[in-house]
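The values are calculated or read from the model by the stated rules, or taken from the named source; none is laboratory data. No experiment lies behind these values; they were computed from the predicted model shown. Note that each Cβ is placed from the backbone with ideal geometry, even for glycine, and that neighbours are counted across all protein chains shown.
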């Protein structure tokens, strides 16, 4: 059971986005570990400004407010800790999920959960982090544009509810957040790699496309791709799985 994460918990029937709610409350002084959840989002979003499908009653939508004593360059890798927390939570239900850098939790190549981390800093210190997580729980169908790329616990044969899954998720998130705040990326590297998708990937590196295999994480949490014996560092953007 989580001890500090979710001790303060605000639940909303509907909001534009739990991350927006968390940002507003964090700026007003909400405590470290505060969790915001909602039954539905009117304008849920993912990385790179993408919309997040957020119907009522089918998924878990939550955002965590964190106030770690870390430099901004280090704190951005909290996304990796969140991915490990989600993967362990669904593993406890019998689902073997894999991680796709930087923010996807997938099963058999289909997205089960996504993570969006947003940071506010003051000078050389983090003021707060907002870690938003969406997990597809009871979805039986998706819009046409998502039907071939998304999945849910229900479609994987797992019957659960937001009320049952939330405490399980918070327990695992708290453990991985704590490990990250104590040990940084070094504390995540081996377990993250153990759960990483074992596919060839393609990413943009210094303005050109590089295709290779996932080789690790650097000290700031950036992805390392090995291609033709050379390791390339992926700073941002999409990493695409290459079929075959």
> Just wondering, is there one or more residues in the range 8-26 that are in a loop (DSSP other than H, G, I, E, B) and at pLDDT 95 or above?
Replying inline: yes
>> Testing residue 144 on (1) surrounded by fewer than 24 Cβ atoms within 10 Å (Cβ to Cβ); (2) under 17 Å from residue 5 (Cβ atoms), one condition comes back false. Which one is that?
In response: (2)
> Listed residues 132, 114; which is crowded, with 22+ Cβ neighbours inside 10 Å and touching a helix residue (DSSP H, G or I) at 6+ places or on another chain (Cβ under 6 Å)?
Replying inline: 132
> Does residue 125 satisfy the condition of being surrounded by 23 or more Cβ atoms within 10 Å (Cβ to Cβ) and without any contact (Cβ under 8 Å) to a residue 60 or more places away in the chain?
Replying inline: no
> Checking residue 175 against (1) in contact with a helix residue (DSSP H, G or I) (Cβ under 8 Å, 6 or more places away or on another chain); (2) crowded, with 20+ Cβ neighbours inside 10 Å, which test does it fail?
Replying inline: (2)
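Among the residues of the range 200-235 satisfying the criterion of being assigned to a loop (DSSP other than H, G, I, E, B) and in contact (Cβ under 8 Å) with a residue 60 or more places away in the chain, which is surrounded by the most Cβ atoms within 10 Å (Cβ to Cβ)? Break it down into steps so the answer makes sense when it comes.
Let us first name the residues in the range 200-235 that are assigned to a loop (DSSP other than H, G, I, E, B), namely 206-207, 218-222, 228-229, 235.
Subset that is in contact (Cβ under 8 Å) with a residue 60 or more places away in the chain: 220-221.
On the way: 220: 15, 221: 23.
So the residue we want is 221.
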